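Values quoted throughout were computed directly from the atomic coordinates according to the rules given, and no laboratory measurement underlies them. Only a predicted model underlies this, so the values are computations on that prediction, with no experimental measurement involved. Cβ coordinates were reconstructed from backbone atoms using ideal geometry, including for glycine residues, and neighbour counts include every protein chain displayed.
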Amino acid sequence: MTDDEPTDAARLLALINASWISQAIFVAAELGLADRLARGASRAEPLAEPLAVDAGALHRLLRALVTIGICRESEGGAFALTPMGHLLASDGPRSLRAWARWWGGHLWPVWGDLLGSVKTGISARQRSSGREATGMLEDDSAAADLFHRAMGQLTRVEAEQVVRAYPFWGVTTVVDVGGGRGELLGLILEADPNRRGILFDRPHALLKAEQHLQSIGVRDRCDLVAGDFFDRVPRGGDLYILKSIIHDWNDERATCLLECCRQAMGPAARLLVVERLLPERLTTSATDRAIVQSDLHMLIGPGGKERSESELRLLAQRAGLDVRRVLPAGVVSVLEARTSSPPSPRES
């Protein structure tokens with residue numbers, strides 16, 4: 001080791017202290033700081049009054065944002081957004097502002113109770129409320145709105161990779177189960193003007209779908225259907241999609257969800273399960289860290305987990321589905337499944 005290389009203690013301290021970065025980004029996102037700086041570089045003082053903050057404290061926050069690549073500071077003391085900083089602006093096509101606000105606001109206290117989830121195996125939200133984590137969204141419209149905007153921002157990045165990775169040719173009707181505001185379904189419909197879609201989710205999840213699908217010009221080819229995917233999934237699709245849904249649930253509930261999809265599928269229909277795949281053996285790579293971070297996120301939040309390919313294949317098998325192929329799509333993978341047995345009389 002050279003004198004310039006950090007010691008194990010220095011690396012560990014950096015990891016321990018890294019939470020300050022999440023909170024600095026959250027505060028910037030919550031204040032709408034990027035929206036202000038998108039109008040032009042500025043010193044802290046002129047920004048303080050419209051943002052209703054202390055000028056000195058804002059200057060210190062802006063300096064911190066410089067060190068993590070969100071802002072840059074001129075010799076005259078004015079701060080400007082970097083290209084990465086522009087991703088915190090509200091109206092950017094690839095904005096991540098909602099996710100920064102969700103993570104730093106709603107998820108922050110939940111992560112603070114990771115110890116309790118590790119001790120009990122029960123998510124923090126379930127232990128605090130006695131309900132499934134998704135139940136809070138039914139009661140809090142503001143939280144639901146922020147959550148679905150945040151999920152839409154994350155989905156947008158992954159959806160583009162899914163559309164590139166999977167051959168959708170020949171597909172006429174896509175049913176996106178738990179598809180939120182329709183980021184993925186919208187891209188699939190944009191790719192083929194003759195394709196139709198059904199967006200299926202809880203009522204609170206569909207509130208912003210109308211506006212989004214209208215804005216990209218596919219609303220007239222997409223039906224919005226509200227319901228509970230543990231009860232019944234719409235029939236009539238030749239392709240069904242579960243993107244980042246299975247990992248929200250334990251094995252029993254995930255199997256139930258897959259069974260509901262199978263019951264809705266015709267003999268020739270396909271189901272795409274889009275998830276991060278947990279490797280059989282983990283390394284210190286950034287990809288593996290992202291997967292286990294998501295896995296712990298599932299533990300403390302909705303109560304589900306990330307799974308390996310073999311684990312997802314087993315769940316599909318239990319639900320009467322056969323995984324035919326697995327395609328990599330960036331940070332996620334696409335598992336294509338078909339029915340492996342005809343539905344029983346009670347299901348038809």
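A compact table of results
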| read-out | value |
| --- | --- |
| Kirkwood estimate for segment 92-237, i.e. one over the average of 1/r between Cα atoms, Å | 16.6 Å |
| Backbone HN-Hα couplings from phi across segment 194-201 [Karplus 6.51/-1.76/1.60, Hz, Gly and Pro as x] | 9, 8, 10, x, 10, 9, 10, 6 |
| Antiparallel content of DSSP bridges confined to segment 191-348, in %, to 5 | 55 percent |
| DSSP-defined antiparallel bridges as percent of all bridges, the chain, nearest 5 | 45 percent |
| In sequence order, calculated HN-Hα J values of segment 34-46 (Karplus, 6.51, -1.76, 1.60; Hz; x Gly/Pro) | 5, 4, 5, 6, 5, 7, x, 4, 7, 6, 5, 4, x |
| Segment 225-310: GluC sites (Glu not before Pro) in DSSP loop, at most 10 other beta carbons within 10 Å | GLU280 |
| For segment 256-348, with +1 on Lys and Arg beta carbons and -1 on Asp and Glu, the positive-most of ALA329, SER294, GLN263 along the dipole | GLN263 |
| For segment 40-158, projected area of the alpha-carbon convex hull averaged over all directions, nm² | 9.8 nm² |
| Sequence-distant residues sharing a close amide H with TYR240 (under 5 Å, placed H) | VAL175, ARG270, LEU271, LEU272 |
| Principal axis dimensions, largest first and in whole angstrom, of segment 205-348 by Cα | 45, 41, 27 |
| Longest DSSP-loop-exposure-free segment, trypsin sites (Lys or Arg not before Pro), the chain, at most 15 other Cβ within 10 Å | 132-231 |
| Whichever lysines have a C-alpha closer than 20 Å to that of LYS243, once near sequence neighbours (fewer than 8 apart) are set aside | LYS208, LYS305 |
| Cα-based helix-to-principal-axis angle, 309-318 vs the chain, degrees rounded to 10 | 40 degrees |
| Histogram of C-alpha separations across the chain, 20 Å bin width, % | 27, 55, 18, 1 |
| Residues ARG338 and ASP91, FRET efficiency given R0 of 51 Å [Cβ-Cβ distance, rounded to 0.05] | 0.80 |
| Rel. contact order, % - alpha carbon contacts under 8 angstrom, at least six apart, the chain | 13 percent |
| On Cα atoms only, tilt of 141-165 relative to the major axis of the chain in degrees | 70 degrees |
| Karplus-derived HN-Hα couplings along segment 177-184 (A = 6.51, B = -1.76, C = 1.60, θ = phi - 60°), whole Hz, x at Gly and Pro | 8, x, x, x, 8, x, 4, 5 |
